[in-house]
Amino acid sequence: MILETQRLLLREMEISDLDALLLVLGDAESMRYYPKPFDREMVQKWIDRHRHNYVQHGVGLWAMVLKTTGEVIGDCGLVWQEVEGRQELEIGYHVRLDQQMQGYATEAAYACQDYAFKVLGQHRVISLIRPENIPSRRVAEKNGLKIVQETVWRDIPHYIYAVER
Ligand SMILES: CC(C)(COP(=O)(O)OP(=O)(O)OC[C@H]1O[C@@H](n2cnc3c(N)ncnc32)[C@H](O)[C@@H]1OP(=O)(O)O)[C@@H](O)C(=O)NCCC(=O)NCCS
């Protein structure tokens with residue numbers, strides 16, 4: 001287990017989380033700001049990639065577990081990204097559609113931000129967010145991140161939201 005909040009646990013993703021994460025990342029409505037919703041193979045690669053990140057960088061996106069039920073309802077965590085030629089620590093999050101609008105992403109993201117500052121000693125975290133992704137922008141804004149730059153990231157215009165310690 002990496003982090004605990006009032007309602008959530010964040011722990012390393014495992015291959016046995018594939019079905020639960022497919023419900024999160026494979027949902028076409030929820031993933032409308034992505035090039036396409038994930039299929040099973042993409043979720044498998046996603047889990048592999050983050051398991052590699054844990055070993056390589058000590059961080060990655062973690063499975064988001066609802067304490068009351070033990071169910072995996074999303075992911076949230078920290079990922080190193082190259083943005084505008086710089087290495088930036090990004091907070092990312094995905095929540096299953098039927099569990100959205102209850103503050104879970106904000107709660108988990110805040111815990112990750114706090115971890116980045118206090119445990120990892122980082123001075124800045126960012127989120128890369130498409131301008132039209134209002135829910136994601138709200139999460140960032142509720143946690144004190146502000147737009148600092150516009151960029152084209154993976155061929156798509158994004159805002160760089162950032163907060164400093
Ligand atoms: C972004 C995401 C993780 C947010 O998860 P969540 O648990 O619902 O987030 P929260 O409940 O903490 O906050 C959501 C905020 O967005 C707002 N919101 C959601 N849909 C909205 C809409 N259509 N218009 C305006 N505001 C909206 C909510 O009202 C809430 O803000 P508030 O507390 O000020 O009312 C979720 O929407 C998701 O998984 N999206 C798909 C994946 C994704 O885009 N990830 C981010 C990539 S940058």
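The values are calculated or read from the model by the stated rules, or taken from the named source; none is laboratory data. Fair warning: this is a prediction, and the values are worked out from it, not measured in the lab. Ideal geometry is used to build each Cβ from the backbone, glycine not excepted, and the neighbour counts take in all protein chains shown.
When Asn53 is tested against (1) under 26 Å from Glu132 (Cα atoms); (2) outside any loop (DSSP other than H, G, I, E, B), just one condition goes unmet, and that condition is (1).
When the residues of the range 24-46 are filtered to those that are assigned to a helix (DSSP H, G or I) and more than 13 Å from the chain's Cα centre (by Cα), the one that is surrounded by the most Cβ atoms within 10 Å (Cβ to Cβ) is Val43. Scanning the range 133-165 for residues that are on the phi > 0 side of the Ramachandran plot and in contact with a helix residue (DSSP H, G or I) (Cβ under 9 Å, 6 or more places away or on another chain) returns a single hit, Gly144.
Taking into account only those residues within the range 47-94 that are under 12 Å from the mean Cα position of the chain (by Cα) and aromatic (Phe, Trp, Tyr), which is farthest from Met13 (Cα to Cα)? Ranking the qualifying residues of the range 47-94, first place goes to Trp80. Per the listing Glu150, Glu164, Glu141, the residue uniquely touching a Lys or Arg at 6+ places or on another chain (Cβ under 9 Å) and farther than 18 Å from Leu61 by Cα is Glu164.
So which of Gln87, Gln100, Gln81 ends up being surrounded by fewer than 21 Cβ atoms within 10 Å (Cβ to Cβ), modelled with pLDDT of 95 or more and near the ligand (Cβ under 7 Å from one of its atoms)? Exactly one of Gln87, Gln100, Gln81 is surrounded by fewer than 21 Cβ atoms within 10 Å (Cβ to Cβ), modelled with pLDDT of 95 or more and near the ligand (Cβ under 7 Å from one of its atoms), namely Gln100.
Condition check ((1) closer than 22 Å to Val152 by Cβ; (2) touching a His at 6+ places or on another chain (Cβ under 9 Å)) across all residues:
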| site | (1), (2) |
| --- | --- |
| Leu25 | no, yes |
| Met31 | yes, yes |
| Arg51 | no, no |
| Val55 | no, no |
| Gly77 | no, yes |
| Arg86 | yes, no |
| Val95 | no, no |
| Gln99 | no, no |
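Annotation for the range 56-76: at least one member residue is touching a strand residue (DSSP E or B) at 6+ places or on another chain (Cβ under 6 Å), among the acidic types (Asp, Glu) and either closer than 27 Å to Ile134 by Cβ or surrounded by fewer than 14 Cβ atoms within 10 Å (Cβ to Cβ) (or both). In the set Arg165, Arg154, Arg137, Arg130, which member is more than 15 Å from the ligand (Cβ to nearest atom) and either among the basic types (Lys, Arg) or farther than 26 Å from Glu12 by Cβ (or both)? The conditions single out Arg165.
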